[in-house]
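Derivation of every value follows stated rules applied to the coordinates shown; laboratory data play no part. Everything quoted here is computed from the prediction, not taken from an experiment. Virtual Cβ from ideal backbone geometry, glycine too; neighbours counted across all protein chains shown.
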Amino acid sequence: MSQHDVPDVPVWTAVLAQLDADERVTPQMQGFLNLAVAQGVMSGTLYLDVPNDLTAAQLNKRLRAPIMEALAVVDAEPGAISFRVVVNPELADAHLTAPIPVQSAGAPLSSPPISRPPIDDVPDVAPGASRSDTRLNPKYSFDNFVIGQSNRFAHAAAVAVAEAPAKAYNPLFIYGDSGLGKTHLLHAIGDYALSLYGGIRVRYVSSEEFTNDFINSIANNRGSAFQARYRDVDILMIDDIQFLQGKAETQEAFFHTFNTLHDHDKQVVITSDVPPRHLTGFEDRMRSRFEWGLITDVQAPDLETRIAILRKKAQSERLLVPDEVLEYIATKVSSNIRELEGALIRVSAFASLNRSTLDIALAQTVLRDIVDTDDANVILPTDIIAATAQYFRLSVDDLYGSSRSQSVATARQIAMYLCRERTNLSLPKIGQLFGNRDHTTVMYACKKIAELMKERRSIYNQVSEITTQLGRVSR
Ligand SMILES: Nc1ncnc2c1ncn2[C@@H]1O[C@H](COP(=O)(O)OP(=O)(O)OP(=O)(O)O)[C@@H](O)[C@H]1O
């Protein structure tokens, strides 16, 4: 990241100056503080981006009081501003590529805000198989999964596998169209198994990550570390295996991993968009192994299940949405649960920004441009990127490129959000499309835009206007 790209947030600069004289900010803590990049103040909240969970945890735990006190001193209205730490993996990317200057305690933020976090401060992080090691998303649990006709069998099989790994069905192969809950089920298996068997080693991986890991292991001569990562586990879950199509060497690596795990009574769970026999570009020996255990599918949910999913989502996000509005959204979007959730976010964001009553009329207005992909033109990611670039008067290359300036970064995040919501592309695929970015960067972008839509009218309007523009794309 260049110095030029660090947003200038005067209140943060003033807070840093205050903290300079605060003895609670030890040199170790200063290391973490230097990693924070202030993004700006919105609705009374100062947003600080940090590169990883460890830094977020340290700032929240050790520096919350000093930062809050400093904010109270520097702000004209004491107590009016609080702060929020957000993990932004793009900053971690920057660390990998940027030189790492060593800064003295209290160095001003104007130099690149990057220095190594102190290694001896790590013990606060729980040792052993923590959920972050396994890369599980706690939002995707069985508790949050709504069971209906369309997924009842897949759900039951997933629960059975979590309760008795390698005993019930091995492998478990779940297939179905995009956005119907396959990834959710994988994470839920991991989450439930961990809650039942404390020390169990669980690993979730997307097929793209598996491929990249494999390629890196060859490039860096680290084959044994690769093997250990995927073979020293009790449950291996690999998402969207169709992406290994045509990648003979990666398939070979997976084939050996699979055999080792299976031979040692370790559980393998696989997802795909089609059943094993329809997987093209795979060797027969692989396809037949995928058929050894149980094959089950997830289908598009019926109306009742869609309403139940929306109700659950509204509850977990603490959104007050009348039943008839949930029903309306569920009738409007029928094929993809990710789009269903996107529609709910928009309707509730619009109501909260305008402080208006959430009723069917409002939902109709907001969703008039959302066309169910069942009966609409298919929207291509390139349409989304072109429409977003045009809207922000940027070039398409700006969105694919590496500029971290605030305006380009926001436009890129909106384009990523729309690609996730309106197309069938997986997170890694979207990452690849936007200049080979990591899938966690896309995940962060989607979360951030969904949150900002509720808080900032400008962002809400931008997303809506680009959607309207997309509605006009015809082919
Ligand atoms: N039965 C369900 N109950 C609650 N939420 C669900 C259910 N099914 C899917 N979802 C939600 O829908 C969204 C999309 O699901 P998910 O990412 O698991 O789909 P997927 O089938 O893995 O899609 P892709 O193949 O594109 O990765 C997630 O936010 C997930 O939590």
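Structure values in brief
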| read-out | value |
| --- | --- |
| Rounded to the nearest 20 debye, dipole of the range 327-475 from Cβ charges on Lys, Arg, Asp, Glu | 440 debye |
| Spatially proximal lysines relative to K454 (Cα-Cα < 22 Å; intrachain offsets below 8 disregarded) | K139, K312, K313, K332 |
| Shape category assigned to the chain from the gyration tensor of Cα positions, a/c cut at 1.5 | oblate |
| Residue-span extension gain [Q364 to A57] - 0.36 nm each, minus C-alpha spacing | 106.4 nm |
| Residue exposure sequence - F254, F290, F153 - by fewest surrounding Cβ within 10 Å | F153, F290, F254 |
| Share, in percent, of DSSP beta bridges within the chain that are antiparallel, nearest 5 | 20 percent |
| Those lysines that a straight Cα-Cα span of less than 30 Å connects to K247, excepting residues fewer than 8 apart in one chain | K182, K266, K429 |
| Relative contact order for the chain, counting Cα pairs under 8 Å that sit 6 or more residues apart, in percent | 13 percent |
| Listed peptides 389-401, 346-358 by packing density, highest first (mean Cβ within 10 Å) | 346-358, 389-401 |
| Theoretical FRET efficiency, 1/(1+(r/R0)^6), r = Cβ-Cβ of A160 and S82, R0 51 Å, to 0.05 | 0.70 |
| Förster radius 45 Å - calculated FRET efficiency between R277 and N221, Cβ distance, rounded to 0.05 | 0.75 |
| Contact order relative to length of the range 169-247, as percent, for alpha carbon pairs under 8 angstrom and 6 or more apart | 34 percent |
